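Written out below as structure tokens is the structure these notes cover.
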Amino acid sequence: MSKRLTDFPAVAWVRRQVPTREALLANRWARPFARHLGHPILWRWNRRSVARGLALGLFFGILIPFIQSPFAALFAVTLRAHLPTAFVGTLVTNPFTTPFIYLAAYAVGTDVLALEASNPIAGAGATMAYFERVLSWLLSASVPTAVGLLVFSTASAVAGYFGVHWVWRWRAMRRWKRRRVRRLREAMA
């Protein structure tokens, strides 16, 4: 007997964390936007809207460091994506994953821009104060990091979008196959 998706503990935890439509619309900060956030298409669970929602959540979750959920919600409303999935998709960045994502983004951005990956802090001259060296390194690292974040966010959004479509289709095919086998057994009995 196979498990349903809602039987997994991680899915149950996410469902408890994501506010329901009624709870979101009752929030005083969301009341001005209730007309838009309460639209039924944003809460409908289907393959296309969930794929759009996950893609938006992953894109803004990686690209924008702190206020990614409002951006994901704004674009979810605009593109008629599944709003809770867009919120959950932004959880890809959290205090545990963000440093690794930013280090990898810097490495990828450096490769994309074909810059030499040298550390100016260690090799700076004695005339520059430590703070100025750190500031110089941060300014020289910001462009490759931004490029790397753009590459990561775009790649993860595309992978999330097509991944949802693939998983959805795979689960549907499994259900059809089980149904066909069950009908054959019933016909033979």
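Extension gain, I67-R169: 0.36 nm per intervening residue step, less the Cα-Cα distance, totals 33.5 nm. Helix 98-113 against the longest principal axis of the chain: what's the angle in degrees, Cα atoms only, rounded to the nearest 10? Helix 98-113 sits at roughly 70 degrees to that axis.
Taking label positions 7 Å along the Cα-Cβ direction at both L79 and Y130, the computed distance is 4.5 nm, reported to one decimal.
In this rough spin-label picture, where each label sits 7 Å from Cα along the Cβ direction, the A30-L91 distance is 1.5 nm. Computing Cα extents along the principal axes in Å for the structure here picks out one of (1) 88, 45, 27; (2) 56, 43, 29; (3) 51, 45, 34, namely (1). Spin-label model, W176 to A23: label points 7 Å out along the Cα-to-beta-carbon direction sit 3.6 nm apart. The length gained by stretching the chain between A104 and A146 to full extension, at 0.36 nm per residue less their Cα-Cα distance, is 14.0 nm. Axis of helix 47-63 versus longest Cα principal axis of the chain: the two differ by about 20°, to the nearest ten degrees.
If exposed means no more than 13 neighbouring beta carbons inside 10 Å and the site is in a DSSP loop, what's the longest run of the chain without any exposed chymotrypsin sites (Phe, Trp or Tyr not before Pro)? In the chain, the maximal stretch lacking such sites is 97-189.
Exposed loop positions in the chain were taken to be trypsin sites (Lys or Arg not before Pro) whose DSSP state is not H, G, I, E or B and which have at most 15 other beta-carbon atoms within 10 angstrom. Between these positions, the longest stretch is 81-189.
Projecting the Cα positions of W170, A51, Y106 onto the charge dipole of the chain (unit charges on Cβ atoms of Lys, Arg, Asp and Glu, taken about the Cα centre) puts W170 furthest along the positive direction.
Counting only protein heavy atoms and a 1.4 Å probe, tell me what percentage of the chain's accessible area is made up of carbon and sulfur.
With neighbouring chains kept in place, the figure for the chain is 67 percent.
On a per residue basis, the chain carries 70 Å² of accessible surface, using protein heavy atoms and a 1.4 Å probe.
The values are calculated or read from the model by the stated rules, or taken from the named source; none is laboratory data. None of the values given here were measured: they were computed from a predicted structure. Glycine also receives a Cβ, built like all others from the backbone with ideal geometry; neighbour counts cover every protein chain displayed. Remember, those area values only see protein heavy atoms, side chains included, never the ligands or the DNA or RNA. Shrake-Rupley method; radii C 1.70, N 1.55, O 1.52, S 1.80 Å.
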